[in-house]
Structure formats: structure tokens, C-alpha cells
Amino acid sequence: MDTQNFEELPLWLRKGPSDLMISLRKYNISLDMPIVLVGDSVMASTRVASVLVSIGGHDVRVLDGGIDGM
């Protein structure tokens, strides 16, 4: 998934909660399930994690080391 599902260009502002929930449902993700984020950029994964926590994610984690850490 792309970070643009969570933020809007050109200023990378966080989308509203209802738009975020639509993006999560598209990928069959629920905020009450454990969510592990991994990607080429740990910074981008961490940004998405903070957005998910801000809308009610309780068990959101970022894989240390990104894809190289797998």
C-alpha cells in the first residue's frame, strides 16, 4: 500500500478519519487487529503507524530495519 492512502499531496497532510477507514477496509485491515508495517522507508512506515494510532489503532508496529530487516 502507498502512503498516499493516508496522506494528501502536496503537503502530506493526514486524511480525515472517514477517508482513512475507507483505505483500511480496502486492504481488509481493522484497527482492532495487530498491524505490522514494513517498507523501503522506515520513516514512511513510522508516519503511517502514527496516523493509525491517532485514529484508534491499539497494536501498531514498525519492523525495525525495514524490508532489509526481514
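The values are calculated or read from the model by the stated rules, or taken from the named source; none is laboratory data. Just so we're clear, the structure is a prediction, and the values are computed from it rather than from any experiment. Glycine gets a Cβ as well: all are built from the backbone with ideal geometry, and neighbour counts include every protein chain shown. Note: accessible area is taken over every heavy atom of the protein model, side chains too, but ligands, DNA and RNA are not part of it. Shrake-Rupley method; radii C 1.70, N 1.55, O 1.52, S 1.80 Å.
Our coupling estimate for the range 13-24, obtained by passing each phi through the Karplus curve with A = 6.51, B = -1.76, C = 1.60 and θ = phi - 60°, is 7, 5, 5, x, x, 5, 5, 5, 5, 4, 4, 5 Hz, Gly and Pro reported as x.
Ignoring any ligand, DNA or RNA, what whole percent of the accessible area of the range 20-70 comes from carbon and sulfur when the probe is 1.4 angstrom? Taking all protein chains in place, the range 20-70 shows 58 percent carbon and sulfur surface.
Residue separation times 0.36 nm, minus the C-alpha to C-alpha distance between Asp59 and Thr46: what's the value? All intermediate terms of the calculation are to be shown ahead of the outcome.
Values: separation 13, 0.36 × 13 = 4.68 nm, distance 1.33 nm.
Computed gain between Asp59 and Thr46 is 3.4 nm.
Our coupling estimate for the range 29-43, obtained by passing each phi through the Karplus curve with A = 6.51, B = -1.76, C = 1.60 and θ = phi - 60°, is 10, 10, 5, 8, 10, x, 10, 10, 9, 8, x, 5, 10, 5, 4 Hz, Gly and Pro reported as x.
Full-extension gain between Val38 and Ile67, please, as 0.36 nm times their residue separation minus the C-alpha to C-alpha distance.
Numbers: separation 29, 0.36 × 29 = 10.44 nm, distance 0.60 nm.
Gain in length upon complete extension: 9.8 nm.
Considering only DSSP states other than H, G, I, E and B, which chymotrypsin sites (Phe, Trp or Tyr not before Pro) in the range 6-65 qualify as loop sites with at most 13 other Cβ atoms within 10 Å?
Numbers: sites: Phe6, Trp12, Tyr27; in loops: Phe6, Trp12, Tyr27.
Taking the range 6-65 and a limit of 13 other Cβ atoms within 10 Å, the loop chymotrypsin sites (Phe, Trp or Tyr not before Pro) found are Trp12, Tyr27.
What accessible area per residue, rounded to a whole number of Å², is obtained for the chain using a probe radius of 1.4 Å? Please list the in-between numbers first.
Numbers: 4760 Å² over 70 residues.
Accessible area per residue, the chain: 68 Å².
What does the charge add up to near Ile22, with Lys and Arg as +1, Asp and Glu as -1, over the other residues with Cβ less than 15 Å from its Cβ? Summing Lys/Arg as +1 and Asp/Glu as -1 gives 0.
Over the chain, what relative contact order in percent results from Cα pairs under 8 Å that are six or more residues apart? Before the final figure, lay out each step's value.
Working: 72 pairs, mean separation 20.8, N = 70.
Over the chain, the number comes to 30 percent.
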